[in-house]
């Protein structure tokens with residue numbers, strides 16, 4: 001989502017899981033989806049900060065966040081946002097992780 005004036009934007013991505021999944025694959029897909037969404041934004045918008053809310057009692061969520069920040073840094077190089085990991089007790093609709101990243105020009 002990009003603001004009407006084009007000076008700010010937001011990307012939000014959620015991950016759901018009902019069954020055991022390959023952690024590396026999920027982490028890579030999450031980063032790939034984030035990069036694709038970022039490329040759809042105006043080129044002058046730069047990622048500022050990201051918050052990753054993750055279900056602290058879910059093993060897959062815990063494993064994803066361990067590699068997520070490093071994956072984002074390697075994918076985005078110098079334009080990688082600062083990442084704050086936020087453990088939560090629960091997320092809606094069987095989500096195990098929710099990433100929100102704010103952009104500005």
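Since every read-out is calculated from the coordinates, none of them should be taken as a lab result. Since this is a predicted model, take the numbers as computed values, not measurements. Positions of Cβ are backbone-derived with ideal geometry, glycine not excepted, and every protein chain shown enters the neighbour counts.
Pull out a ≥ b ≥ c, the square roots of the eigenvalues of the alpha-carbon gyration tensor of the chain, then state rounded if a/c is under 1.5, prolate if not and a/b is larger than b/c, and oblate in the remaining case.
On the way: a/c = 2.11, a/b = 1.71, b/c = 1.23.
Cα axes put the chain in the prolate bin.
Run through the DSSP bridge list for region 43-105 and note the antiparallel percent, rounded to the nearest 5. Numbers along the way, then the final one.
Values: 8 of 15 bridges.
In region 43-105, approximately 55 percent of DSSP beta bridges are antiparallel ones.
Which whole-number percentage describes the relative contact order of region 43-105, with Cα contacts under 8 Å and a sequence gap of 6 or more? Spell out each step's value before the answer.
Details: 98 pairs, mean separation 37.1, N = 63.
Once normalised by length, the contact order is 59 percent.
Need the C-alpha centroid separation for region 48-100 versus region 25-47, integer Å.
14 Å
Which percent, to the nearest 5, of DSSP beta bridges fully inside the chain are antiparallel? Please list the in-between numbers first.
On the way: 18 of 25 bridges.
Here the share of antiparallel DSSP bridges comes out near 70 percent.
On C-alpha positions alone, give me the angle between the axis of helix 23-39 and the longest principal axis of the chain, in degrees, nearest 10.
The two axes meet at around 20 degrees.
Kindly identify region 43-105 as rounded, prolate or oblate by the Cα gyration tensor criterion: order the square roots of the eigenvalues as a ≥ b ≥ c, call it rounded if a/c is under 1.5, otherwise compare a/b with b/c, prolate if a/b is larger, else oblate. Kindly include the intermediate steps, with their values, before the conclusion.
Working: a/c = 3.02, a/b = 1.80, b/c = 1.68.
Since a/c reaches 1.5 and a/b is larger than b/c, the shape of region 43-105 is classed as prolate.
Would you mind ranking 99, 62 so that the residue whose beta carbon has the fewest other beta carbons within 10 Å leads the list? Numbers along the way, then the final one.
Numbers: 99 23, 62 16.
Arranged by neighbour count, lowest to highest, 99, 62 become 62, 99.
So what is the 222 nm mean residue ellipticity for the chain from helices alone, if each DSSP H run of at least 4 adds -39500 (n - 2.57) and you divide by all residues, rounding to the nearest 500 deg cm²/dmol? Please list the in-between numbers first.
On the way: 2 runs with 35 residues, N = 105.
Mean residue ellipticity, 222 nm, calculated: -11000 deg cm²/dmol.
For the Cα atoms of the chain, what angle does the longest principal axis make with the long axis of helix 59-76, in degrees from 0 to 90, nearest 10?
That works out to roughly 30 degrees.
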